[in-house]
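Asks: Here's a structure for you.
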Amino acid sequence: MSNEARKETTLECCAREVGIHPSTLRNYLEHARWRSAKFHAAIKQPNWWERLQHDVIEAELDRRVSDVGPPGFAALTDEQILAILAERGPQVRQWVETYDGRSAVLLGPTGIGKSIAAFCVLRRAKRVEARQELKREGWSPASYQDDRWPDSESRFRGGWIAAQDLLVAQRGHPLGQGEASEVRKAKTGRLVVIDDITWPTRHDLTREVMAARYDAGLPTIVTAGERMARLFGADMFGDAFGRRCLDLRGEQGDVVEDFGGK
Ligand SMILES: Nc1ncnc2c1ncn2[C@@H]1O[C@H](COP(=O)(O)OP(=O)(O)OP(=O)(O)O)[C@@H](O)[C@H]1O
Ligand SMILES: [Mg+2]
């Protein structure tokens, strides 16, 4: 018997064991990104079917949050991000690991991982939302029907904005037609990261977004390459802005100022 034929037989046996069609099992394996080697190792364990269903759900969550943040970060796993932070920005890493939903200001020199840390926290929050959405929809691995997965595209965009993209979005938006959708999302999103708030140097729109979020009591994570005293000093954003960044319905947010020994 050829290898291909043997694999097919194994697949058919396993599908029969759990009462599904072999092509459905093949789609489960594809969706969960189980390659042949993983499948053949997994079926040596009695709980392979539970594990596969679990991984199908996790892969569905991954898919739904795959557009959170800049495309360059999407391929990074949480573990990779934490490993980078362990090396470059241990304080920022600790903030990620203990994040509890508050507003935060992440400050430090270039490359310590402010942006990937904010991204990691945002993606985790979106994953929680996506899991709730799956429950609401009644989505399960058994939802695979008629040779397709029901609408499983990414739906959790909108929590990440670079401060300069706020300006670009508003500039590209026709005058007299309200505000750009990116700006509206930045003002109203459940949790929003505003990356690199000192760039651009015109801050009006960033201030406006922050004021709207503060009034609505929504948590925001901002990143910048400046020290706190300068960032919220009179020459830059001012202390009223600082309060808006950190105060969430009377609860103080986190400031992570990771400039090492400098
Ligand atoms: N897609 C990626 N793949 C691998 N490593 C990455 C990726 N993106 C960033 N990194 C690494 O993570 C580190 C932290 O990057 P990050 O963009 O979070 O820094 P930052 O503190 O926001 O810097 P800046 O102030 O310049 O914005 C970088 O030094 C880089 O080595
Ligand atoms: Mg950055």
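Asks: Does the stretch 122-145 hold any residues that are within 16 Å of ligand 1 (Cβ to nearest atom) and either among the basic types (K, R) or out of contact with any Phe, Trp or Tyr (no Cβ under 7 Å at 6 or more places or on another chain) (or both), and which are they?
Replies: R123, R124
Asks: Continuing with the same structure: Tell me the residue from F119, F156 that is within 16 Å of ligand 1 (Cβ to nearest atom), surrounded by 12 or more Cβ atoms within 10 Å (Cβ to Cβ) and either in contact (Cβ under 8 Å) with a residue 24 or more places away in the chain or of a type in the set (A, V, I, L, M, F, W, C) (or both), please.
Replies: F119
Asks: Could you check the stretch 170-203 and list, in sequence order, the residues that are touching a helix residue (DSSP H, G or I) at 6+ places or on another chain (Cβ under 9 Å) and polar (S, T, N, Q)?
Replies: Of everything in the stretch 170-203, those that are touching a helix residue (DSSP H, G or I) at 6+ places or on another chain (Cβ under 9 Å) and polar (S, T, N, Q) turn out to be Q170, S181, T188, T198.
Asks: Looking at V68, is it β-branched (V, I, T), assigned to a loop (DSSP other than H, G, I, E, B) and closer than 28 Å to R155 by Cα?
Replies: yes
Asks: Restricting to the stretch 198-212, name every residue that is among the hydroxyl-bearing types (S, T, Y) and either outside the structural domain of R184 (by TED's automatic domain parsing) or not in a loop (DSSP other than H, G, I, E, B) (or both).
Replies: T206 - this is the single residue of the stretch 198-212 that is among the hydroxyl-bearing types (S, T, Y) and either outside the structural domain of R184 (by TED's automatic domain parsing) or not in a loop (DSSP other than H, G, I, E, B) (or both).
Asks: Restricting the search to the stretch 89-114, which residues are farther than 16 Å from L76 by Cα, within 18 Å of the chain's Cα centre (by Cα) and in a loop (DSSP other than H, G, I, E, B)?
Replies: Y99, D100, G101, R102, S103
Asks: Can I ask one more? Could you figure out which of (1) buried (at least 20 other Cβ atoms within 10 Å of the Cβ); (2) touching a strand residue (DSSP E or B) at 6+ places or on another chain (Cβ under 9 Å) isn't true of N27?
Replies: (1)
Asks: Only one of these is under 17 Å from V256 (Cβ atoms) and away from ligand 2 (no atom under 13 Å from the Cβ): L52, L82, L106. Name it.
Replies: Of the residues listed, the single one that is under 17 Å from V256 (Cβ atoms) and away from ligand 2 (no atom under 13 Å from the Cβ) is L82.
Asks: Here is a follow-up. Can you find a residue in the stretch 241-255 that is at pLDDT 95 or above, within 16 Å of ligand 2 (Cβ to nearest atom) and closer than 16 Å to G101 by Cα?
Replies: no
Asks: Which residue out of R131, R124 is touching an Asp or Glu at 6+ places or on another chain (Cβ under 9 Å), assigned by TED's automatic domain parsing to the domain that holds D239 and within 29 Å of A59 (Cα to Cα)?
Replies: None of the other options fit; the residue is R124.
Asks: Please go through (1) within 21 Å of P71 (Cβ to Cβ); (2) at pLDDT 90 or above; (3) not aromatic (F, W, Y) for R190 and return the number of the only condition it doesn't satisfy.
Replies: (1)
Asks: Quick test for you: out of R124, R63, pick the one residue that is assigned to a helix (DSSP H, G or I), surrounded by fewer than 23 Cβ atoms within 10 Å (Cβ to Cβ), at pLDDT below 95 and of a type in the set (K, R).
Replies: From the options R124, R63, the qualifying one is R63.
Asks: Right, something else. State yes or no: is Y99 of a type in the set (S, T, Y) and away from ligand 1 (no atom under 16 Å from the Cβ)?
Replies: No.
Asks: Regarding A234, is this residue more than 16 Å from ligand 1 (Cβ to nearest atom), loosely packed, with under 15 Cβ neighbours inside 10 Å, part of a helix (DSSP H, G or I) and hydrophobic (A, V, I, L, M, F, W, C)?
Replies: Judged against the criteria, A234 is not a match.
Asks: For the stretch 217-228, does any single residue satisfy the condition of being part of a helix (DSSP H, G or I) and acidic (D, E)?
Replies: No, because not a single residue in the stretch 217-228 is part of a helix (DSSP H, G or I) and acidic (D, E).
The values are calculated or read from the model by the stated rules, or taken from the named source; none is laboratory data. All values reported here derive from a predicted model rather than from experimental measurement. A quick note on method: Cβ atoms are made from the backbone with ideal geometry, for glycine too, and the neighbour counts reach across all protein chains shown.
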